[in-house]
Amino acid sequence: MPDTSDTRPQIAGFLDTNVFVRYLADDHPEFSPLSREVFEQIERGELVAYITDTVVFETAYVLEKRYQATRRDIADAMLRLLRLPGLGPANKETLRETFDLWVSRANLSFADCFHLMSAKSMGLDIMITFDRKMSIEGVTRVEPPLG
């Protein structure tokens, strides 16, 4: 007899920043438990959720600026969630490296760290910028004009 059970997720959707924030901040009597359920559904494989880099950026920003969470705490929490197989940014490895750099380089913004890690992941070894902080091992800062 063929297996008729369907193990595919029943729901797929885009996950907004406020669900991340309510889950991680655990500060709202109604929305925080609902957000927790969303992440539990993802963990159980009942839901596949997609995000863009801007959701990660905005979550990191809100947690750092509004909730005064440390970069290390934010990175640990976000990386734990990004490891969920049912959560789908296309560039999880670049985001992981971005969080590592962001924690270690207090003088760089999350966006700067993401730009550096994106350049590296694209195989580019030159960052064209006026920002003197914008270099890491494997990516050299060069000021315009070039050539």
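The values are calculated or read from the model by the stated rules, or taken from the named source; none is laboratory data. Values in this document were obtained by computation on a predicted structure and should not be read as measured data. Here Cβ is always computed from backbone atoms with ideal geometry, including for glycine, and neighbour counts include all displayed protein chains.
Of all residues in the stretch 72-84, at least one satisfies being without any contact (Cβ under 8 Å) to a residue 24 or more places away in the chain and in a loop (DSSP other than H, G, I, E, B). What are the residues in the stretch 8-62 that are part of a strand (DSSP E or B), surrounded by 14 or more Cβ atoms within 10 Å (Cβ to Cβ) and aliphatic (A, V, I, L, M), if any? Correct list: L47, V48, A49.
When L81, L34 are checked against the criterion of being over 17 Å from I136 (Cβ atoms), under 9 Å from the mean Cα position of the chain (by Cα) and of a type in the set (A, V, I, L, M, F, W, C), L81 stands alone in meeting it. Quick one: A90 ticks every box in (1) modelled with pLDDT of 95 or more; (2) surrounded by fewer than 17 Cβ atoms within 10 Å (Cβ to Cβ); (3) within 30 Å of Q10 (Cβ to Cβ) except a single one, so which number is it? Status for A90: all satisfied but (1).
Out of (1) farther than 19 Å from T52 by Cβ; (2) touching a residue at least 12 places away in the same chain (Cβ under 8 Å); (3) out of contact with any strand residue (DSSP E or B) (no Cβ under 9 Å at 6 or more places or on another chain), what's the single condition that is false for E137? E137 satisfies all of (1) farther than 19 Å from T52 by Cβ; (2) touching a residue at least 12 places away in the same chain (Cβ under 8 Å); (3) out of contact with any strand residue (DSSP E or B) (no Cβ under 9 Å at 6 or more places or on another chain) except (2).
Among the residues of the stretch 102-130, the ones that are touching an Asp or Glu at 6+ places or on another chain (Cβ under 8 Å) and either loosely packed, with under 13 Cβ neighbours inside 10 Å or among the polar types (S, T, N, Q) (or both) come to 3 in all. Whenever a residue of the stretch 40-61 is polar (S, T, N, Q) and at pLDDT 95 or above, its partners that are assigned to a helix (DSSP H, G or I) and surrounded by fewer than 19 Cβ atoms within 10 Å (Cβ to Cβ), lying with C-beta atoms within less than 6 angstrom and at least six residues away or across chains, give the pairs T59/T17.
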